[in-house]
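Q: Below you will find the structure I want to go over with you.
The values are calculated or read from the model by the stated rules, or taken from the named source; none is laboratory data. Nothing here was measured: the structure is a model prediction, and the numbers come from that model. Cβ sites come from the backbone with ideal geometry, for glycine too, and all protein chains shown count toward neighbours.
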Amino acid sequence: MKNIGIKLAAVAALALVTPTMAHAGKGGSAAAIQSAVKSTSVDAIIAEIERAEGLLCEDCVQTLTNLTEDSRYEVRQVAAWWFAKRPALKDMMVAQFSSDLPRGTTVKVRNAADFLGTTRSYATLPQLRAAIHRSDLGVEARVALVRAVKAMGHISGNEVLTTAMADSDPGVRAAAAAAWRDIRDQASAQPVVALLADSDAGVRARAAGVVGGMREQTGRAALEALVAGDTDSTVRRNAAWALGQLGNEASRAVLLRATTDSSSLVRGVARASLASLH
Amino acid sequence: MKQQIKSIAIGAALFTFGGIGCGGSDDPGPLGNVDSLIILQRPSRNDTGDIFSYTSYKPGARLVSLSPPTADGKLTTICCDAAGPDYADIDISSYDISFDAKSIVFSARRGKDSSYGLFLLQIADGSVEQVATDPGREFVAPIFLPGNRIMFTSNLVSETGAMQHEDEYERQVSIQLGRINLDGTDMEMGARNLSHRTAPSLASDGRVVFTQWDHLGEENSGHLMFVNQDMQELREAYGKEGKGASNSTLKAREISPGRFVAIATARNRTINAGALIDIRLGDVVKDGDVVSAAANQSEANSKTVLLSPNVPMDNEPSSDTIGRYYDAFPIDAKDKPSLLVSWSDGPVESEVLALAGLSADFGVYLYDSAKQQRLPILNDPNMWDIFAQPLQPRTAPNIVGSAQDPKLGGQTLIGSLNVYNSSLHQFQAGEIYGVRVMEGFSSEEGFPEDFGTTRHEGHANLGVAPVAADGSWSAKIPPNIPIHIQTVDKFGMSSFSEPVWFSGRPGEARLCGGCHEDRAKTTNVSPGQLDTFALGATPMFGTTARKDRQKADPASATEIVGVAWDKQVQAVFDVKCISCHGNDNAAGLAPYTITDMTTGELVAEWTFNLTGDDLPAELSVAAGGGAYSKSYFSMAGPDMEALEKGGLAVSPNFKVYMNPLDARGSIAIKTLNPTVLFPTPTTERAFPGEGHQGVVLSSQDFYTLILAADMGVNFYARENNPGSKLY
């Protein structure tokens, strides 16, 4: 458990909080946060931490530190957000969390990734890139590494995503495909095209959405094959939608056939996509 | 709780068929002409306390009809059992009934989906088709629009390369208005707010009323807005001007023209539920049993009637028998209207419910607001029974569109007929040189969840449009971006700052009467062409890509776009200030101290210091990026409320030197005493006396500091965005 020097941290927190402007950030207290934690209500915890956005609160620091290692992602995220508003404290936490990446357990890496991602600690991207190559991490940690890169939205995290797209776990692969689209200045969805042939339907469905959302023309043939013959209606639907985004007239025939698909999920989407072809 | 429900149901069964009444009366009651209700049932939950939580997936939702609309009516599932296995594990978040009452549009997520999408249900046969929307984005809160369209809210952003705004406080990706044809074609997104928009509802005049989260500095609340069906001509409806009944006003529905029922609540912990309020925006007219308020609609003219006294409008737990209301649908337009409501008893507050291991239990009731009585209709204790509506045809309002000017080339035109015409501020004649327009953005552009310790949003100065002799001004700006404006004097300092963001669509012309003119009056201007149109609108990056709306090395004051503290502001301090206000405190300023009032212990001591150094070890133990500088801390100062709540006292000589959005009132600016900038620089000073200690600052130096203050005293701007580097 993280244990930064309370006094030092409180003084640092004091120094770097300035006239609080957000009305909704007022009124919080350590007692209110602790009460919310006891209730186990994620909603209440989030509400109280948000209310303490600008609060100078020595007693809050350890409570919030503990919450960065909570089992629930929403709680870890809001705790990290609180620290993000206190740069000095955040930097202390970043140093501690990033040291968990090369050798920490699955849970420690998960917690570290979520903190570093939420606080957009870009300087830790090299360590995140190294961590995704560890062979001893569980799925939870690998998903969190992808989630961190998505939260940062930084192109220097692409290697994490491309590595994760080849992960053995379909959940990791799907998360990586989805995250690819949320990276700023992402030029192409080319790495995601290969996932259109993934063995897992969920991955194929996600990949189709990304390829369509980013209008990656190199995926057209694979998308047409999915519309024509995938066994999963969600995959066919997403692929039909993606073809509409690509807008290539060559897709007309397959989309026409899809307007009589056995699934109503696909039929309406195919008709709409036909109208987008040019 | 179950015993209570059972006894209510037994009591309800005694009411007459087709209506609510007692003792064998022939009065059919408010629901006498209603054959059936449509109700959404969602498995109970306790994770939507925040009013902008728009995703909460729990499978098992269904749309049901209740016919007749009584507690002993027949309950039939209409969606989505008959729709096939594709619709298993579905959660439905909201719905709307078509004008002909033959179909329903709803927002739902299936087990296999990663997001909520839009679906169309044909009531006659229960068939469902999906409306073609991006499967990687959320689409919620759909309503039918005339002309075979659907309006919705979504986190989709259609600007290539742009990320959706993330509200600084909400931390969630925001949702914005959009619309699409029923057949899934022609989807378009509206201009964006910097934070959320939600709960659209169609009014009889063809406008759409919705809730907008306004977050700019101190402002942090949910207000009602109007917009045309084409998502142009955004206009405030209720709450922005201080007459709101609560922090947030949600789920407004028209009772009659100019009159709306809505939920008044706090931003969080209340499960999106609160008190019922009757908002009358215009002059109240009674015509028989119908009360309306169509004429002279404005917030200034509005009246609010509290229909549910005792229901809290903050986020304190509600009491037994008081509870909170989730939604309301008006059945009539009487002075005290009858409403179909969803209501839950007990402490409808997320922490208390979680402690008890419970969820709110929303059921459908007919609410008699005159007697303040709830008559039960349906309450499944395992489900939220919400959004009850009569299944009846309704008249579609006209298709209301707005003008588009192709000559704008996709830009948005903004301006005022006479900027001096204001209901919020008293301007002196000739006081205003121009209007500064600033673009807003949030941390989605790569910032580390904060732009500085003042908690303002990111700002980019798009420019200052000069005000013409007749008080008019205009500018061409990029479309679809949130902006706010300030009137500025000849020194470049803001004299009045608009406290909310607004935006326009490509080709939209938004000409206001003044600077928030009285909404209930007509703005009069002299006949003839406005001077600003004769002069031409000021170009303000209207066709410039987002990534290019920055300037790292402005060559003059008027080229400054963003103000990066560690580059642009620090550059001024390094050359002009640190010889006296450096680490050696050559100016000899006394430090201020912060003392623990309980122990008397000295907690910290700080001396004014304008170097760009990191804070000293005792105040900032970590090296490297992320820590703000000595100069930033000296200017922005610590949090006085935090000090007070922490039992700390600051010595009397403490000062904050820069006030967000208020350069004119900032000690630093007053001390330095800027010179005239507009229209051309002169040596005339803004305040009595000369400058500070003989220090010579250029126009660009002054304007850098003025903009730093007027744009929120941020540390970060696009010009020093840490997300711009490679790692």
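Q: Which residue is farthest from the other protein chains (Cβ to nearest Cβ), if the candidates are limited to region A:93-104 and must be of a type in the set (S, T, N, Q) and surrounded by fewer than 18 Cβ atoms within 10 Å (Cβ to Cβ)? Before you say what the answer is, go through the steps one by one.
A: So the first thing to find is which residues in region A:93-104 are of a type in the set (S, T, N, Q), and the list is A:96, A:98-99.
Then drop every residue that is not surrounded by fewer than 18 Cβ atoms within 10 Å (Cβ to Cβ), which leaves A:96, A:99.
Working: A:Gln96: 10, A:Ser99: 13 Å.
Checking each candidate, the answer is A:Ser99.
Q: Among the listed residues B:Gly346, B:Gly288, B:Gly357, identify the single one that is within 14 Å of another protein chain (Cβ to nearest Cβ), of a type in the set (Gly, Ala, Ser), over 26 Å from B:Glu241 (Cβ atoms) and out of contact with any His (no Cβ under 6 Å at 6 or more places or on another chain).
A: Working: B:Gly346 fails: within 14 Å of another protein chain (Cβ to nearest Cβ); B:Gly288 fails: within 14 Å of another protein chain (Cβ to nearest Cβ).
After applying the criteria, what remains is B:Gly357.
Q: So B:Arg280 clears everything in (1) in contact with a Lys or Arg (Cβ under 9 Å, 6 or more places away or on another chain); (2) surrounded by fewer than 19 Cβ atoms within 10 Å (Cβ to Cβ) except one condition, right? Which one?
A: In the conditions (1) in contact with a Lys or Arg (Cβ under 9 Å, 6 or more places away or on another chain); (2) surrounded by fewer than 19 Cβ atoms within 10 Å (Cβ to Cβ), B:Arg280 misses (2) alone.
Rundown of residues vs (1) touching a Lys or Arg at 6+ places or on another chain (Cβ under 7 Å); (2) within 12 Å of another protein chain (Cβ to nearest Cβ); (3) aromatic (Phe, Trp, Tyr), yes/no style:
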{"position": "A:Tyr73", "(1), (2), (3)": "no, no, yes"}
{"position": "A:Asp91", "(1), (2), (3)": "no, yes, no"}
{"position": "A:Thr106", "(1), (2), (3)": "no, no, no"}
{"position": "A:Val109", "(1), (2), (3)": "no, no, no"}
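Q: For region B:408-468, please list each of the strands (runs of 3 or more DSSP E) lying entirely inside it that holds at least 2 residues being touching a residue at least 12 places away in the same chain (Cβ under 8 Å) and out of contact with any strand residue (DSSP E or B) (no Cβ under 6 Å at 6 or more places or on another chain). Lay out the reasoning, then the answer.
A: Values: elements: B:412-416, B:434-441, B:458-466.
It comes to none.
Q: Of B:Phe573, B:Phe541, which residue is within 41 Å of the chain's Cα centre (by Cα), at positive phi and touching a residue at least 40 places away in the same chain (Cβ under 8 Å)? Give the derivation first.
A: Numbers: B:Phe573 fails: at positive phi.
None of the other options fit; the residue is B:Phe541.
Q: Testing B:Asn193 on (1) under 16 Å from the mean Cα position of the chain (by Cα); (2) assigned to a strand (DSSP E or B), one condition comes back false. Which one is that?
A: (2)
Q: What do you reckon, is A:Ala240 part of a helix (DSSP H, G or I) and away from chain B (no Cβ under 14 Å)?
A: Values: part of a helix (DSSP H, G or I): yes; away from chain B (no Cβ under 14 Å): no.
It is false that A:Ala240 is part of a helix (DSSP H, G or I) and away from chain B (no Cβ under 14 Å).
Q: Could I ask something else about it? Picking from B:Ala300, B:Ala295, B:Ala252, which residue would you name as being among the hydrophobic types (A, V, I, L, M, F, W, C) and under 15 Å from the mean Cα position of the chain (by Cα)? Spell out how you get there, then give the answer.
A: On the way: B:Ala300 fails: under 15 Å from the mean Cα position of the chain (by Cα); B:Ala295 fails: under 15 Å from the mean Cα position of the chain (by Cα).
Answer to the selection: B:Ala252.
Q: Here is a follow-up. Out of (1) within 33 Å of the chain's Cα centre (by Cα); (2) assigned to a strand (DSSP E or B); (3) in contact (Cβ under 8 Å) with a residue 24 or more places away in the chain, what's the single condition that is false for B:Leu66?
A: All conditions pass for B:Leu66, except number (1).
Q: When you scan region B:710-725, how many residues do you find that are within 21 Å of A:Leu125 (Cα to Cα) and in contact (Cβ under 8 Å) with a residue 40 or more places away in the chain? Break it down stepwise before answering.
A: Of region B:710-725, the ones within 21 Å of A:Leu125 (Cα to Cα) are B:716, B:718, B:720-725.
Next, from what is left, pick out any that are in contact (Cβ under 8 Å) with a residue 40 or more places away in the chain: B:716, B:718, B:720-724.
Counting residues in region B:710-725 that are within 21 Å of A:Leu125 (Cα to Cα) and in contact (Cβ under 8 Å) with a residue 40 or more places away in the chain gives 7.
Matching residues to (1) loosely packed, with under 14 Cβ neighbours inside 10 Å; (2) closer than 23 Å to B:His456 by Cβ; (3) charged (D, E, K, R):
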site	(1), (2), (3)
B:Met658	no, yes, no
B:Ala663	no, yes, no
B:Thr682	yes, no, no
B:His692	no, no, no
B:Leu697	no, no, no
B:Gln700	no, yes, no
B:Ile706	no, yes, no
B:Met711	no, yes, no
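Q: Also, quick follow-up: Which of (1) of a type outside the set (Gly, Ala, Ser); (2) within 11 Å of another protein chain (Cβ to nearest Cβ); (3) more than 27 Å from B:Arg267 (Cβ to Cβ); (4) in a strand (DSSP E or B) is the odd one out, the single condition B:Leu118 does not satisfy?
A: The one condition B:Leu118 does not meet is (3).
Q: Oh, and also: Identify all residues within region A:117-153 that are of a type in the set (S, T, N, Q), buried (at least 19 other Cβ atoms within 10 Å of the Cβ) and either touching a strand residue (DSSP E or B) at 6+ places or on another chain (Cβ under 9 Å) or assigned to a loop (DSSP other than H, G, I, E, B) (or both); write none if there are none.
A: A:Thr119, A:Ser121
Q: Mind counting the residues in region B:558-591 that are of a type outside the set (Asp, Glu), part of a helix (DSSP H, G or I), more than 18 Å from B:Phe451 (Cα to Cα) and assigned by TED's automatic domain parsing to the domain that holds B:Pro652? Lay out the reasoning, then the answer.
A: Filtering region B:558-591 down to residues of a type outside the set (Asp, Glu) leaves B:558, B:560-565, B:567-573, B:575-583, B:585-591.
Filter once more, so that each one left must be part of a helix (DSSP H, G or I): B:558, B:565, B:567-573, B:575-576.
Still in the running and more than 18 Å from B:Phe451 (Cα to Cα): B:558, B:571-573, B:575-576.
With assigned by TED's automatic domain parsing to the domain that holds B:Pro652 added as a condition, the list becomes B:571-573, B:575-576.
Result for region B:558-591: 5.
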